[in-house]
Amino acid sequence: MIDSPVQVDGARVAVLGLGRSGSAAARLLSRRGASVYASDVASSDRTVAAAEALITEGIEASAAGHDRELLFDCDWIVVSPGIRPDAEILNTPPVCDRPIFSEIEVASWFARAPVAAVTGTNGKTTTTALLGAVAQTGGVSVSVAGNIGRAFSTAVLEDPGVEWYVLEVSSFQLARIETFRPRVAVVLNLTADHLDTYPDVDAYARDKARISLNQGRDDHLCLNAEDEALSGFGSDRGAWVDDGWITLAGEAYSGPIIKTAALKIPGQHNVQNALAATLAAELMGIEPTAIGSGLRSFGGVEHRLERVAIVDGVTFVNDSKATNVESVTVALRAFDQPLIVVLGGRHKGSPYAPLAPLLAARARHVLVIGEAAPRIVSELDEVVDVTDVGTLERAVERARELARPGDLVLLSPACSSYDQFDNYEVRGERFRQLVVAGAEREVAR
């Protein structure tokens with residue numbers, strides 16, 4: 001635990017956003033003595049249910065809008081990562097006149113264990129889950145949370161006695177920190193992303209770099225030495241591949257850990273994720289044999305190159321977590337089979353043309369969905385067969401018609417999900433449902 005930069009007990013606090021992070025922050029602050037008002041502009045069934053759940057716990061909450069009069073009474077603000085930095089509410093009095101913190105900042109005030117935090121443009125979720133699994137293999141009690149799908153505030157409330165918190169953190173979460181200090185920080189890579197929100201890549205990089213803002217001489221920063229964009233962040237010890245072996249040079253051990261061929265997660269990018277997890281685990285005090293066992297047994301995470309089913313010789317892979325062009329590039333390189341690729345959703349600002357060479361070489365057809373579909377078609381239709389099918393339901397149906405035995409159907413959208421789905425998990429789960437339902441229909445025949 002650290003001293004909070006503002007008074008909590010007895011304070012009147014506004015929480016903007018009723019997603020996982022906002023709702024969890026409201027609960028944590030209420031139980032730590034704050035008077036909380038939580039709100040959201042959305043009026044979806046999920047948001048209304050979240051507000052009602054907080055109200056049953058004695059927390060003031062509302063969906064479908066922020067009450068400005070109630071906000072005027074608040075001493076400081078917590079903002080959910082789903083609220084854009086340029087959102088009107090953040091630039092309007094009284095909000096813009098109050099101290100504003102992210103949910104991970106607030107949760108860190110009450111965390112009794114050190115934090116290992118993972119960020120980067122791609123690979124955050126896999127590396128965070130992998131690091132948590134390695135730690136557990138080593139007998140270290142950890143709570144895995146953050147941008148991975150479980151709020152840090154929830155972890156603090158439900159797992160107060162763990163030895164470590166292992167967190168996935170995003171640029172939006174890091175933008176509003178003040179005292180958040182990871183004992184071990186990992187930055188995997190840095191490429192253009194969220195350019196629908198940030199004015200340029202430099203602004204995005206500045207928020208990513210804040211992961212080390214409060215680190216001291218006893219803390220550690222782990223960087224991808226092959227990523228030129230990270231050269232100005234700092235430096236530390238290392239892990240690398242030597243003659244097919246993941247190899248570590250740490251404080252207590254230097255030598256081989258496991259062969260890269262023993263990893264269950266596919267693709268060269270996952271070798272880099274494993275290297276990052278190896279170094280971070282060593283810095284957390286995990287023994288080398290346990291690191292090797294954890295790496296060897298890890299099978300991946302949902303919505304990230306997740307094999308859903310093989311139907312009539314066609315493999316269906318859910319990569320809904322790939323919400324930017326660089327992530328899709330990684331996914332396309334991970335497979336050797338002929339591909340039918342599903343792209344689209346809400347545009348995030350980056351061009352799709354960089355995908356053209358890989359798609360031309362590996363994809364038999366591209367199916368596009370959502371708001372970004374016309375833009376994707378215009379940028380790719382000269383190099384690959386592209387069809388705008390509108391919805392994910394139609395994409396899966398059309399993919400079945402196009403696919404041949406030995407093909408792989410890959411949902412790897414390169415876009416956010418917010419035009420048609422609440423989040424990437426809902427989109428991935430819907431893809432899984434459609435694939436499984438189709439497989440069951442084939443069996444019934």
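The values are calculated or read from the model by the stated rules, or taken from the named source; none is laboratory data. Only a predicted model underlies this, so the values are computations on that prediction, with no experimental measurement involved. Accessible surface is based on the protein model in full, side chains and every heavy atom, while ligands, DNA and RNA are left aside. Shrake-Rupley method; radii C 1.70, N 1.55, O 1.52, S 1.80 Å.
Taking only the alpha-carbon positions of segment 21-180 and ignoring solvent, what does the Debye formula give for the base-10 log of I(q)/I(0) at q = 0.13, 0.14, 0.18 Å⁻¹?
-0.63, -0.72, -1.13
Residue-wise, which Karplus ³J(HN,Hα) couplings in Hz belong to segment 115-132, taking 6.51 cos²θ - 1.76 cosθ + 1.60, θ = phi - 60°, and x for glycine or proline?
10, 10, 10, 10, 9, x, 6, 9, x, 4, 5, 4, 5, 5, 5, 5, 4, x
Under the classification rounded if a/c is under 1.5, otherwise prolate if a/b is larger than b/c and oblate if not, where does the chain fall, given a ≥ b ≥ c as square roots of the Cα gyration tensor eigenvalues? Before the final figure, lay out each step's value.
Numbers: a/c = 1.78, a/b = 1.20, b/c = 1.48.
It comes out oblate by the Cα gyration axes.
Can you give me the three principal axis dimensions of segment 181-305 from its C-alpha atoms, in Å, biggest first?
So the extents along the principal axes, rounded to whole Å, are 44, 37, 25.
Above 16 Å lies some portion of the pair distances; for segment 34-75, what is it as a whole percent of all C-alpha pairs?
Of all Cα-Cα distances in segment 34-75, 32 percent exceed 16 Å.
List every residue whose amide H lies under 5 Å from the amide H of residue 416, counting only residues 5 or more places away in sequence or on a different chain, with H placed 1.01 Å from N in the peptide plane.
For residue 416, the qualifying residues are 346, 348.
Determine, at each q value in 0.19 (inverse angstroms), the log₁₀ of I(q)/I(0) that the Debye formula gives when each Cα of segment 301-445 is one equal point scatterer.
Relative scattering, expressed as log10 I(q)/I(0), comes to -1.07.
Per residue, what accessible area does the chain have, given a 1.4 Å probe and all protein chains present, in Å²?
Numbers: 18240 Å² over 445 residues.
Ligands and nucleic acids excluded, the result is 41 Å² per residue.
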